[in-house]
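Single-structure report; data block below.
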Amino acid sequence: MTRVHNFSAGPAALPEPVLRQAAAEMLDWRGSGMGVMEMSHRGPEFMGIHAEAQALLRSLMGIPPHYKTLFMQGGALAENAILPLNLLNGRRRGRASADYIDTGIWSQKSIAEARRYGVVNVAASAADNGYTRVPDRASWRLDPDADYVHICSNETIGGLEYATEPDVGAGADGPPLVADMSSSILSRPVDVSRYGCIYGGAQKNIGPAGLTIVIVREDLIGHAQPATPTAFDYRVVADNDSMFNTPPTWAIYIAGLVFQWIQAQGGVAAMAERNAAKAALLYGALDASGLYTVPVAPGHRSRMNVVFRLRDERLDAPFLKGAQERGLSQLKGHRSVGGMRASIYNAMPIEGVQALVDWLREFERVHG
Ligand code: PMP
């Protein structure tokens, strides 16, 4: 068996020890005589797996007690609707509206979906700078009466990431900050108390597709729009401990193993250090070259999704072919933007990034 260095943006590489443990437990989970996929979600075995995964996530992220951790389904795109259905309700000032910050394709999708459920004000847009930097906080035109302020913490396609959590005055009775963290969750410490809600699909830093994580402050729950599907009402999901309907049991089990793995690595702070080193190595090599360019400005670059281009598009195919031959897989950029993208989530070891840097240099020696 040969495993490649997998740079997929998601579903993405998982830590090898997690896959090995899952393989070992596939047919018989700890003497139960059945695999996790075959268990009732209400049986004691799975209830234990579920509770442990919840507890580990809470401890890894330091989630305060007055936040609920919901394990849902539908991915971040469904959450783009579920969130406004639950939180875009005019509860703060009697006028339902929300502020959104546009930093790229994923926030634009969030904006378009939320518009189906209420008034959306685009308070700032990176369109003004060609999506090369997160709009300066001072330029945001925030509505003090908004139900919430929505950001995408890391734009998986454009490679733009918030270097720090923006201050929207949420602590002082301001609108709560809401973040789509699909592609950066657990990659660095986050002060959860600065957010009203954090959500994301699991298939990058957490586990298999099919699980959506929602972390939401308790006081924001319970005011859903009347048309909200019951299974997507945060109140119902929370009251039923994420078991109102059958949860994605296999994905939750793998997520729990990934949480254990992160803990064994030293927790989220240790992951952040490793991720910073990986990103510095890769961006350093790209910046030092005459063949590759990085469209995103320093200080705004994603530590998870490194987006770059070759000077001449005609070199894309030979670059990708040579990469594949060296076991460097899934480097092609998103179909909507082209170029290259190296996703280097938690599970990507620095050796994989070094192998990519070696190939970047070798290719430049021939084609530079
Ligand atoms: N938001 C972000 C930041 C993403 O990276 C993705 C998936 N790549 C999505 C939303 C959509 O997620 P899903 O496919 O799980 O609905």
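The values are calculated or read from the model by the stated rules, or taken from the named source; none is laboratory data. Computed from a predicted model, the values in this text were never measured in an experiment. Quick reminder, even Gly has a Cβ in these numbers, built from the backbone with ideal geometry, and neighbours come from all protein chains shown. Side chains are part of the model used for accessible areas, which takes the heavy atoms of the whole protein and leaves out ligands, DNA and RNA. Shrake-Rupley method; radii C 1.70, N 1.55, O 1.52, S 1.80 Å.
The set of residues in segment 143-192 that are aliphatic (A, V, I, L, M) and at positive phi contains only L186. The sole residue among A124, A112 that is hydrophobic (A, V, I, L, M, F, W, C) and open to solvent by 10 Å² or more (accessible area, probe 1.4 Å) is A112. Scoring R303 on the criteria (1) in a helix (DSSP H, G or I); (2) within 16 Å of the ligand (Cβ to nearest atom); (3) touching an Asp or Glu at 6+ places or on another chain (Cβ under 8 Å) leaves a single failure, condition (1). Only one of the numbered conditions (1) open to solvent by 10 Å² or more (accessible area, probe 1.4 Å); (2) not in a loop (DSSP other than H, G, I, E, B) is not met by D99, and that is (1). If you check D180, D136, D145 for being modelled with pLDDT under 95 and closer than 17 Å to Y100 by Cβ, only one passes: D145. Is it the case that N86 is crowded, with 22+ Cβ neighbours inside 10 Å, closer than 30 Å to G158 by Cβ, among the polar types (S, T, N, Q) and more than 16 Å from the ligand (Cβ to nearest atom)? Yes; evaluated as a whole, the condition is true for this residue. Of the residues making up segment 265-283, those that are without any contact (Cβ under 8 Å) to a residue 12 or more places away in the chain and among the charged types (D, E, K, R) number 1. The number of residues in segment 163-179 that are open to solvent by 10 Å² or more (accessible area, probe 1.4 Å) and either within 12 Å of the ligand (Cβ to nearest atom) or charged (D, E, K, R) (or both) comes to 3. You will find that of V296, V258, the residue that is outside any helix (DSSP H, G or I), in contact with a Gly (Cβ under 8 Å, 6 or more places away or on another chain) and crowded, with 19+ Cβ neighbours inside 10 Å is V296 and no other. Scanning segment 105-154 for residues that are under 23 Å from V192 (Cα atoms), away from the ligand (no atom under 16 Å from the Cβ) and aromatic (F, W, Y) returns W140, Y148. One residue stands out in segment 340-368 among those that are modelled with pLDDT of 95 or more and in a loop (DSSP other than H, G, I, E, B): the one that is most open to solvent (accessible area, probe 1.4 Å), namely P349. The set of residues from segment 299-337 being open to solvent by 60 Å² or more (accessible area, probe 1.4 Å) and over 27 Å from T103 (Cβ atoms) comprises R314, A317, K321, Q324, E325, R326. When restricted to residues that are within 16 Å of the ligand (Cβ to nearest atom), closer than 18 Å to I254 by Cα and open to solvent by 30 Å² or more (accessible area, probe 1.4 Å), segment 59-79 contains 2. Within segment 275-293, the residues that satisfy the criterion of being surrounded by fewer than 15 Cβ atoms within 10 Å (Cβ to Cβ) and farther than 28 Å from C152 by Cβ are A288, G290.
Within segment 127-141, the set of residues being of a type in the set (D, E) and either over 23 Å from the mean Cα position of the chain (by Cα) or open to solvent by less than 50 Å² (accessible area, probe 1.4 Å) (or both) comprises just one member, D128. Against the test of being more than 16 Å from the ligand (Cβ to nearest atom) and open to solvent by less than 40 Å² (accessible area, probe 1.4 Å), the options D233, D239 yield a single qualifying residue, D233. Residues that are under 18 Å from I221 (Cα atoms) and of a type in the set (A, V, I, L, M, F, W, C) within segment 150-200 comprise A170, L177, V178, A179, V192, C197, I198, listed in sequence order.
Of the helices (runs of 4 or more DSSP H) lying entirely inside segment 1-90, those containing at least 1 residues that are under 22 Å from P349 (Cα atoms) span 16-24, 44-61. Residues of segment 180-191 that are crowded, with 16+ Cβ neighbours inside 10 Å and more than 16 Å from the ligand (Cβ to nearest atom): none at all. Restricting attention to segment 201-226, the residues that are in a strand (DSSP E or B) and either under 14 Å from I63 (Cβ atoms) or more than 11 Å from the ligand (Cβ to nearest atom) (or both) total 5.
Regarding segment 44-58, can at least one residue be identified that is among the aromatic types (F, W, Y), in contact with an Asp or Glu (Cβ under 8 Å, 6 or more places away or on another chain) and crowded, with 19+ Cβ neighbours inside 10 Å? So far as segment 44-58 goes, no, none of its residues is among the aromatic types (F, W, Y), in contact with an Asp or Glu (Cβ under 8 Å, 6 or more places away or on another chain) and crowded, with 19+ Cβ neighbours inside 10 Å.
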